[in-house]
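Inspection log for the structure reproduced underneath, given as structure tokens.
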Amino acid sequence: MPRLFVSVDLPERLTGAFADVQELLRGTESLRFTDPAQAHCTLKFLGDADESRVGDVVEALESAVDSAAVDPFESEVGGLGVFPSTDYISVVWVGIRERYGADELTRLAEAVERETVNRGFDEADHTFTPHFTLARMDDARGKREVLDYLDEDPTVGRFEVDEIRLTESTLTEEGPEYETRARVSL
């Protein structure tokens with residue numbers, strides 16, 4: 001049973017800059033860094049789904065793109081944040097700048113949410129925040145260092161968002177492996 005999510009992927013040409021931002025946090029205790037080559041902005045996590053549902057999900061994504069009425073747009077990745085809060089950090093992320101793509105990504109995520117929930121997938125349990133995960137924090141040992149870095153305002157770069165992807169995630173001992181199952185153009 002495939003484990004699925006909907007995403008906008010960071011282009012390969014920006015993975016070096018993404019890794020440079022991760023370097024700001026290198027050496028911080030309890031952080032597990034994401035692979036820059038797999039960096040993506042998750043619009044909707046669908047979870048485990050029967051293979052027979054993949055076509056239905058693709059139709060939902062096509063409907064979502066139509067209803068969001070978002071043409072290809074420029075996005076700028078930059079700035080730092082954490083989830084769920086500065087009191088308890090489990091994820092350190094780099095965001096999407098407000099003036100460059102945050103509104104469009106939010107509209108897409110809301111449309112994907114609506115269309116997939118209408119087809120029987122679970123509602124998201126959190127508000128969408130456009131971001132790319134830099135690292136996951138296992139415990140509070142490096143919290144102070146992470147909080148100190150939040151005032152940094154690094155920029156990864158800009159890219160054109162012209163599609164969303166349905167991605168399958170397979171968990172392995174070496175980490176997750178991703179395979180694009182479908183692309184839906186804006």
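The values are calculated or read from the model by the stated rules, or taken from the named source; none is laboratory data. A quick note: this is a predicted structure, and the numbers were derived from the prediction, not measured. Because the Cβ atoms are built from the backbone with ideal geometry, glycine has one as well, and the counts that use them run over all protein chains shown.
Just for region 73-97: of the residues that are of a type in the set (A, V, I, L, M) and under 16 Å from the mean Cα position of the chain (by Cα), which one is surrounded by the fewest Cβ atoms within 10 Å (Cβ to Cβ)?
Looking at the filtered set, the residue picked out is V91.
Any residue in region 38-61 that is in contact (Cβ under 8 Å) with a residue 24 or more places away in the chain sitting within a Cβ distance under 7 Å of a residue that is charged (D, E, K, R) and in a helix (DSSP H, G or I)? List the pairs, counting only those 6 or more apart or interchain.
If the second residue must be charged (D, E, K, R) and in a helix (DSSP H, G or I), the pairs left are K44/E113; A60/E115.
Which one of these does R26 not meet: (1) assigned to a helix (DSSP H, G or I); (2) at pLDDT below 95; (3) of a type in the set (K, R); (4) more than 28 Å from G120 (Cα to Cα)?
With (1) assigned to a helix (DSSP H, G or I); (2) at pLDDT below 95; (3) of a type in the set (K, R); (4) more than 28 Å from G120 (Cα to Cα) applied to R26, the lone miss is (1).
Quick one: how many residues across region 158-175 are loosely packed, with under 14 Cβ neighbours inside 10 Å and either under 26 Å from R32 (Cα atoms) or not charged (D, E, K, R) (or both)?
Number of matching residues: 6.
Do we have F83 as part of a strand (DSSP E or B), touching a residue at least 40 places away in the same chain (Cβ under 8 Å) and among the hydrophobic types (A, V, I, L, M, F, W, C) here?
yes
What number goes with the only condition from (1) surrounded by 14 or more Cβ atoms within 10 Å (Cβ to Cβ); (2) of a type in the set (S, T, Y); (3) modelled with pLDDT of 95 or more that Y100 does not pass?
Tallying (1) surrounded by 14 or more Cβ atoms within 10 Å (Cβ to Cβ); (2) of a type in the set (S, T, Y); (3) modelled with pLDDT of 95 or more, Y100 fails exactly one: (3).
Are any residues in region 84-108 among the aliphatic types (A, V, I, L, M) and out of contact with any helix residue (DSSP H, G or I) (no Cβ under 9 Å at 6 or more places or on another chain), and if so, which ones?
Those that are among the aliphatic types (A, V, I, L, M) and out of contact with any helix residue (DSSP H, G or I) (no Cβ under 9 Å at 6 or more places or on another chain): V91, A102, L105.
Do you know which residues across region 10-44 are farther than 18 Å from A135 by Cβ and surrounded by 18 or more Cβ atoms within 10 Å (Cβ to Cβ)?
Taking region 10-44 as the starting set, the residues that turn out to be farther than 18 Å from A135 by Cβ are 11-13, 43-44.
Matches in region 10-44: L43, K44.
If I ask for residues that are in contact with a helix residue (DSSP H, G or I) (Cβ under 8 Å, 6 or more places away or on another chain) and in a loop (DSSP other than H, G, I, E, B), which ones from region 39-63 would you list?
A39, A49
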